[in-house]
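Trainee: Supplied in structure tokens, the structure appears directly below.
The values are calculated or read from the model by the stated rules, or taken from the named source; none is laboratory data. Bear in mind that the values here come from a model prediction, so they are computed numbers and not experimental data. Cβ placement follows ideal geometry from the backbone for every residue including glycine, while neighbour counts extend to all protein chains displayed. To get the accessible areas, we keep the full protein, side chains included, count just its heavy atoms, and leave off ligands, DNA and RNA. Shrake-Rupley method; radii C 1.70, N 1.55, O 1.52, S 1.80 Å.
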Amino acid sequence: MSRHGNPDGFVISLYISLVDMAVAFLHTFLVIFLCCGFSEQKMDRVTSPQNCTLDCVLKGRSGCEFCFITSKDIEMTLGISTQSLFGSCVPKPCFSLFGSDSPACHHFVKAPESVQLMFLNTSDLDKDAVVVTWKPSEYGIEFLRGYQVSLQKLGGLLVDCQLLLFNANLSLGATDTQRVYHSDPFPSLELESQYVVTVMPLPVPEAWESLHHSHKFSTRSCLEKMGLQKCRSDWQPNPKTVKVQQIGTDVTVTFDLAPPSLNIHDYFTFCEGRGLKNISKITVNDKENVTRHSFILSRLKPGVNYSCEISADIVDPLKTHIRFQVGKVNAEPQRPNSVPLAVLLSLALLVLTVAAVLLLLPHRRTRKPCRGVRSASDLKEDLFLVPGLGSPVSPPRVFICYSSADGPAHVAVVMRFAAFLQQHASTRVSLDLWETLRIAEEGPMGWMCHQIEESDFVLVVCTKGLRAPHQGEREAGQGGTSQAAVAHIGEEMGRAKSRGEDLSKYITVFFEYSTEDEVPGILRLASQYRLMQDLPLLFSHLHKVALQGPGRQLQVENMSQESYVKVPAGALLYSAIQEASWYCRKGQML
């Protein structure tokens, strides 16, 4: 043996090691091959549209297997202008694309399967984008020549339509049913809106009903798309963490501030109760590095219910509403024997004497609940800047009177209209749907009468139910209060006219699903507006400003029939009006 060891044993050990390494490598290779091989078999092949011309598709040239055809190309090739109504799609696509004598127009392809949506992340915070995917049906796939994919806003007009065609020389078979086809992206979709996408295979025989697959979906909210950190308008103070603490007759309200990444520094609070209207703007210093803020409401009345709105001071914010009742304040107890007994007896005798005198005096007539007088303290409010006006103005208080007998669709319109006026027309709106606690305290009639007299304007929404509710609705108690309100408003207008006073306080309006004939005769002297057509005139009336003058014209943002839908509150109002109009056409409203 050598001093370096047995050379034969070394060779044998090296051989065994190499064999073990080869076996391990082969095992790993087989595992990867089998897994990837099966994965590829299970994975569906994906086909996205190419940008090619209609002429290339119809002539069967190479490089035009699955193409997105533009409306401009259709107009140039076929002489059909489709952009204004149909996007890139073609009405009666079989005859237009393949000719009336084409054998394909006598066959049909069943609707596609597995229609799904993929949301795309875009840099535009206010818009969303989607891509539609689907698989062909195996029934009639040998005749399949393409697809028309249309997108329509729910209850609205067509948004876009894409024409996707296969090469004229391409023949599809059963194996292509596992292929996933994609549309081109549909961009610039409104957030938190509902759409319907329809995928229709071609050809569709002209004499047959369309065989297609429709899929309803909702776009994401800004919060779902971009996250809270990038969506200021979706933030609001957490109502669960708002704390109310009472010390004597003062109340401290504490709420969470927005995350620093939202760059919100100003906040708005509005608190009211009997005898209180507190409006304040709060500015928070970034250097303070605080996450909560407190404000104090002083000298509140025990036993009275109060409500507060807290929001960021931005356009169209989400508001947090809180309600609380001020508890009784316990007086400091007197020490025993601190007041002589003779003094107590004298006070008791004085109280009994005063009570007897009051009982003997003739009773004065009590104030009717409808004859309130406003004090200077009640009218004191902060000033608001109306968009389009040069100087701040005091927001007028508007009481909205309507009839709930016209159904929930009409009530939704009134509520959305009130929210729009308050958010974008610089007004303070009184609506029964927002004043549940005060109505419970004062009673429906008492609250209504106070609103009529204390508001700067009384706006009556005229409908059939307000003019003449059905007998069944009167028996159910619907519309009774509104009928009494109309009668009281008519009396007030009569008194004002007899005294020669201005009647501009009283306004009647009706929406597009109502007519001028539904304005009660007793209110014919009031100013009358058709909404949303006369929205600028209504704004001019409420703020007593002229829309036009020598050499000038006042343009108020979001205060026209065309522009009010651009803000979220206006879009919700438009949707509610369309829904009420639909019910009216169906005869499901009065």
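Trainee: How many residues are modelled with pLDDT of 85 or more, assigned to a loop (DSSP other than H, G, I, E, B), touching a helix residue (DSSP H, G or I) at 6+ places or on another chain (Cβ under 9 Å) and open to solvent by 70 Å² or more (accessible area, probe 1.4 Å) when one looks only at segment 556-590?
Mentor: 1
Trainee: Moving on to the next point. Being within 21 Å of Arg438 (Cα to Cα) and under 34 Å from the mean Cα position of the chain (by Cα) is the filter; apply it to segment 274-303 and report the residue that is least open to solvent (accessible area, probe 1.4 Å). Working first, answer last.
Mentor: At the first step, the residues of segment 274-303 found to be within 21 Å of Arg438 (Cα to Cα) are 274-279, 297-303.
Narrowing further to those that are under 34 Å from the mean Cα position of the chain (by Cα): 274-279, 297.
Working: Arg274: 125, Gly275: 65, Leu276: 37, Lys277: 72, Asn278: 48, Ile279: 23, Leu297: 5 Å².
Among those residues, the one meeting the criterion is Leu297.
Trainee: Shifting gears a bit: Identify, please: which residue in segment 199-216 is modelled with pLDDT of 75 or more and crowded, with 19+ Cβ neighbours inside 10 Å and is, among those, nearest to Thr122 (Cα to Cα)?
Mentor: Top of the filtered list is Val199.
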